[in-house]
1. How long is the gain from Thr220 to Glu864 if the chain were fully straight, where each residue apart is worth 0.36 nm and the alpha carbon distance is subtracted?
2. Give the longest segment of the chain that steers clear of GluC sites (Glu not before Pro) in DSSP loops with at most 10 neighbouring Cβ atoms within 10 Å, not counting the sites themselves.
3. Counting heavy atoms of the protein chains only and a 1.4 Å probe, report the per residue accessible area for the range 589-684 as a whole number of Å².
4. Kindly provide the chymotrypsin sites (Phe, Trp or Tyr not before Pro) of the range 778-859 that DSSP labels as loop, not H, G, I, E or B, and whose Cβ sees at most 16 other Cβ atoms within 10 Å.
5. Simple spin-label model, 7 Å along Cα-to-Cβ: Asn132 to Ala85 in nm?
6. Hey, with R₀ at 51 Å, roughly what FRET efficiency would Glu726 and Lys308 work out to, going by the Cβ-Cβ distance, to 0.05?
7. Which whole-Hz ³J(HN,Hα) couplings does the range 793-803 yield from phi under the Karplus relation 6.51 cos²θ - 1.76 cosθ + 1.60, θ = phi - 60°, glycine and proline marked x?
8. For Cα pairs less than 8 Å apart in space and 6+ apart in sequence, what is the mean separation divided by the residue count of the chain, i.e. the relative contact order in percent?
Amino acid sequence: MVTQNTLNSVIINYLDFTMKKTLAAICFVLLVVAAQAQPDLGYYLPPGVQYNPAIPTPAKLLGFEVGEWHASHDQVVAYMKAMDAASDRITLQQTGLTHEARPLLLLTITSPKNHGNIESIRQQHLQLGDANRASQLDTKTMPAVFYLGCSIHGNEASGVNAGLLMVYHLAAAQGPEIEKYLDQTIILFDPAFNPDGIQRFSGWVNSRKSKLISADPNDTEHNEAWPGGRFNHYWFDLNRDWLVAQHPESQARARQFQQWRPNVLTDHHEQGTNATFFFMPGVPSRVNPLTPPRNQELTKKMGEYHAKALDEIGSLYFTQEGYDDFYYGKGSTFPDIQGSIGILFEQASSRGHAQESTNGVLRFPFTVRNQFVTMLSSLKATNEMREELLNYQREFFRNAAAEAAKDVTKAFIVGSKDKARAFHFAEMAIRQNIDVHKPSGNVTINGQTFDAESAYVIPCNQTQYKLVKSLFFKQTKFTDSIFYDISSWTLPLAFGLQYEELKTSTAAGEKISDLKMPTGKIIGQGDYAYVIEPYGYYTPRAIYRLLEKGIRVKVANEPFHGAGKRFDRGSFMISVDNQDRLPDQLAVWMKDITEKDGLDVYALGTGLDYTGVSLGSSSFTTLRKPEIAILVEGGVSPTDAGELWHLLDVRYQIPVTLMPISVFNTTSLAKYNTLLMPEGSYSQISESGREKLKAWVQSGGTLIGFERALNWLTSAGLAKFDMKKEDEKKEPAKPRPYADLDEALRAQETSGAIFEADVDLTHPIFYGYTSAKIPVFKANNLFMTKANGAYANPLVFGANPLISGYISRPNYDKLKNSSGLGITALGRGRVIGFTENMAFRAFWFGSNKMLMNAIYYGHLISAEAGR
């Protein structure tokens, strides 16, 4: 029998348990809410600093605290404009537009007194690079120049959001410390290196943010759709474009860098979620040999400031690991060859608002704070090391002038039968403030003649001597075998140009002050046919315009003569008669080609040729207009797909369809005659898609694959692109310490090197090339076996093909005597496979013609030349 006391005791215990459970639940909810609570400005800003209340905080203008949402690019622009209006410390300028027409901004931040004298300060600062005038400068009284840039990878958003805090601090902070910094520093602040990518990523994560933030890595917020926000509009990695500057974002940055030549440039990035925080210097053994040791000493000294700042807030970090200072096309290395100090920061990424990591839940505000703290430490280091940095820059250019005087090479001359590629090389050099001259006349050296009309001379005796050397630099021996990026980029080879070193500078004529794209001319007065030679870079663009207008264009498969000269294979012939356009209209379009595409057009008065073939010969083949689709999404590499898209859309102005693999699996291919498969994995192509593709090729389609796409084409039974395998009979490996494993594996990567290939100039893929030996860029470990057919190996790497860069010995042995190009005949169509990227980063101009020839002539290649 239950007594009343027992019943009361049970009730009391139940109520006590229930209350405790309820309190525990409430506490848990409060902890969750507290953990997700958004920090205010006090979380970020340095303690003890007073701020001008007249300067709007980011939250006042944007409607949310920094780190609560990802600021979109338009919000960043609005805040920068508001700060420009509110503060006399800031001047804002628009330096350009992105591909998507978003503004590129630069804020000059300094004291009002410096603003009043800014042009004199800039001119004086540039004198540090003048060996004759620099010694007269008193660096004790000169301000340092600090270039601060954010989020060149759009989905590495902590940088651009920390920039909101930095500009607020610089505009609103009060007291003697900030006044001193502003008096002694010109801060060039780029709030968003990659506006298009930043906008894409912010839209993704903000539209997928839950009220109770999900830190689960499997959440959609943390898994961007292809291609992701890292890249610019054309899916390029802009942090590889600083040197060659092929995109408007990079060109705007280059102009500002060269107008100021800063002492320090900082570049704020993100890395994997499970990492911590990295700052330069990188791995000591991976510094480019052209970079002075003093550069790394100063980088290391600045690192002590970053370490102290991160120590004070308890953030973990590392340095001298993982990253390097080798390729001058990266933002943190580009300054190192120009008397500046480049600093890379890499914050572990939350890739959204919060994400689980091995170091606990990584929250976006935390990542923003680390970036902001190192922005402040960079400013402090630049000020406290101001004289040291200014003196180093003066010393850098003084030493460069002395090296140039001793250098046996006094100038470089570059040229080509293709005036456009030579022009774009000179354009690239001038963009980086390199002096470029026209030759004083025709120059013949080592059996090569450089025509004064299409050649350029770059003297070594100039301020940018060290940068000039880096453009032409070749290296095959290295102290390290691991590279964060490419190991060679010898730019005249990349542009497909002839070049020579000159032992005197007498060949240099007038310095170019206003470089213009060369134009062509109409040669001859005949009205029978027009002929265009195949060498010009923009011939594919010109031919497409004609085909689009319904003009019949033929390509010559044998040499012929006319107008007193020989025309090589690949020359284009447009007859005047039997066209659907009047001769006068055709003449207008030919003139248009000379002006827009820089091509000479020959007007022939007869089709008769007794020394070659006459113009009515069947050896001339009528071209079809390319109807092109590029497969995208899935496992396709965004950068490789973007390079093809950019080449066709921007350079050649040929329409393309970007076809997702999911669409490819279900749609008809009947409207296309050319399909491109960029580097990547194609496991998402369905069985029915594969059969459809096979039938399409058999019906006359041209299918062009690159790099790993060749493996899929072979496994799918569409081609025979067999790759060399590991030697199964090799000796067992000698024992090595486990600690060496990671580096040993990475040393087998071919990150990017230049090799010489032997090519068949009579093959349609090589129409328009003038040398049977061409440089090819390779950034993979694909080594295709040579085909058995006598005509099936039009591009072969020989017995000693390395020109410049690193490749491991086992991989080099496999590369030797391998094939870089294969063709398989399938019914009436052709499958063409390139083991390399033919449009690498938009600056490897030299291989673009191979790709365009494959597009225009691929279906014409004889089946007997296939694998």
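1. Between Thr220 and Glu864, full extension yields 226.8 nm more.
2. 322-725
3. Computed with neighbouring chains in place, this is 37 Å² per residue.
4. Tyr791
5. Label at Asn132, label at Ala85, 4.8 nm between them.
6. 0.55
7. Karplus values, whole Hz, x for Gly and Pro: 10, x, 9, 9, 8, x, 7, 8, x, 5, 9.
8. Computed value for the chain: 10 percent relative contact order.
The values are calculated or read from the model by the stated rules, or taken from the named source; none is laboratory data. Predicted, not measured: the structure shown is a model, and the values here were computed from it. All Cβ positions, glycine included, derive from the backbone under ideal geometry; neighbour counts span all protein chains shown. Heavy atoms of the whole protein, side chains included, go into the accessibility calculation; ligands, DNA and RNA do not. Shrake-Rupley method; radii C 1.70, N 1.55, O 1.52, S 1.80 Å.
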